[in-house]
Structures are given as C-alpha cells and as structure tokens.
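Asks: If you scroll down you'll find the structure; I have some questions about it.
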Amino acid sequence: MLLLAFPARAVPVCDVPADYLTLPRPFFATARALQTGTLRILVLGSGSVTGSGASTPEAAWPTRLQTLLGLRYPGRAVEVAVRGGRGINVNDHLALLRDSPSGQEPALVLWQAGTVEAVRGMDPDEMTDAMLAGLERIRDWGADTIIIDQQFSRFLRANTNIEPYREKLRLIAAAAGAPVFRRYDLMQHWIETGALDLERTPRREMAAAMDRLNDCLAHAIAALIIQGITEAR
C-alpha cells in the first residue's frame, strides 16, 4: 500500500496496488505552491465530484482530499475547488477553464472525464479536441494535471462502448505529460478483492458505501499527489 503516510485512523479499507499510481514527471508547480503560498487544486468533473449519492456533500472525494492533504502538510494552506456537476461534459469543462478568473489560477488540475461522454455517445475525437484545448489553457497557467478516467461498473461496461474513450484519455494524458489516475481499474480491483462493490450493495446501505468509495478515492489520489510533490523536491 502507498497510503501509509497518513495517520492510521484515516486509512480506509481499500488497498491501492503500487503500479496503479505512476507519474511521468514530478509535480513541480504543486510543490512550489505548497512551499511558497496556497496550494490551489481545481477539480473538474461530473456528478461524482459533487458527492452525488453520498450521505452529505462533505463526503465527496474532493472534500476528503482537501482534508487528507491538510493532515499530510500541517501548517500549509490547501484549497480544493470543484467545478462541474451531473451531466457536465468536457465541452462544459473547457468553457469553465476559459472563464476562470485571473489571479486565482490553480497549481494542480484534476480533470475527471470520459463517463458522460461515453454514455451520451460523444465522438471520441470531439472529446479529445476539447481536452487538448483545455490542457493548453492549464499549461499556460503553469499548472500540473492529473487525468481521472471513468468509474467502473458492470452496467457501464455492458451497455457502453467504453474502451475507445479510455484509450483516448491515455493518449491525451501522454500528450500532456500527465498521469492517468486509473479509477476504472482501481474500482474493478476493489470489486474483485471484495473491498467495495456498489452494484451489489443493498439500497439501505448505498450512501455509506458511496462514502467509503469517496474516502478510498481521496486516499489514492492524495497518495499520487504526495508522490508527485516528493519527487519534485
């Protein structure tokens, strides 16, 4: 596990194989912001970034991520902003990036994409064009980027041609020199190991299961960020 940098009480039940958290390069902008001022992180995504299905909005993984990074770097200012919502796609994200106010640019952008686009049958090339334009904007800020791929579910796999979108995300990330946080593979791993399976969770237990999933994702993403910061020093 790569999550032992956190207090033992904060570690959830989901393990993260080490090879799921790999970086093409260190997070220089993130490390610099953490040392010299406020580390601003921008999260772009659809429903899951807002805590859809969780017990409270505070249980969403971006909120948990801010808490975990605050624990890991006491005395440092960490702010996680979320822009997106249910049904939001990459074209909407691009508009949000272009409208971001000057002077509040993030040092790190977490861009969650590929699920809404696949479900709605967006042309994968259209998704690619929008994301490359957005990544150019992020590069102009001098910020680091993490691409977060699709959530895994048996229903999604059976009813959507998901693979072209997964492949496009890998190519987009490679072009940007950014890591892909392998949410799809990680959620499938947790199902196969018996750690967490939302689709087979009773309805009355669903909110608690969503909270656990958010916590597990937050720990894994935090571990990736910490790795990038450590390698930048």
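Bear in mind these aren't lab numbers, they're just calculated from the coordinates by the rules spelled out. Computed from a predicted structure; not experimentally measured. Ideal geometry is used to build each Cβ from the backbone, glycine not excepted, and the neighbour counts take in all protein chains shown.
Asks: Filter segment 175-202 down to the residues that are without any contact (Cβ under 8 Å) to a residue 40 or more places away in the chain, of a type in the set (A, V, I, L, M) and surrounded by fewer than 18 Cβ atoms within 10 Å (Cβ to Cβ) and list them by number.
Replies: ILE191
Asks: If ALA107 passes every condition in (1) among the small types (Gly, Ala, Ser); (2) crowded, with 18+ Cβ neighbours inside 10 Å; (3) more than 19 Å from LEU23 (Cβ to Cβ) but one, which one does it miss?
Replies: Here ALA107 clears every test but (3).
Asks: Here's a follow-up. Can you report the number of residues in segment 137-146 which are of a type in the set (A, V, I, L, M, F, W, C) and in contact with a Gly (Cβ under 9 Å, 6 or more places away or on another chain)?
Replies: Within segment 137-146, the first condition is being of a type in the set (A, V, I, L, M, F, W, C), and the residues that meet it are 138, 141, 143, 146.
Checking the rest, the ones that are also in contact with a Gly (Cβ under 9 Å, 6 or more places away or on another chain) come to 146.
Summing the residues that are of a type in the set (A, V, I, L, M, F, W, C) and in contact with a Gly (Cβ under 9 Å, 6 or more places away or on another chain) in segment 137-146 gives 1.
Asks: So, one more: Need at least 2 residues that are in contact (Cβ under 8 Å) with a residue 60 or more places away in the chain and either closer than 23 Å to ARG182 by Cα or out of contact with any Cys (no Cβ under 8 Å at 6 or more places or on another chain) (or both) per element, so show me which helices (runs of 4 or more DSSP H) inside segment 25-124 make the cut, counting only ones lying wholly within it.
Replies: On the way: elements: 28-36, 61-72, 90-98, 115-119.
The qualifying helices (runs of 4 or more DSSP H) are 28-36, 61-72, 115-119.
Asks: Keeping to segment 137-156, report how many residues are more than 20 Å from ARG32 (Cα to Cα) and of a type in the set (A, V, I, L, M).
Replies: 3
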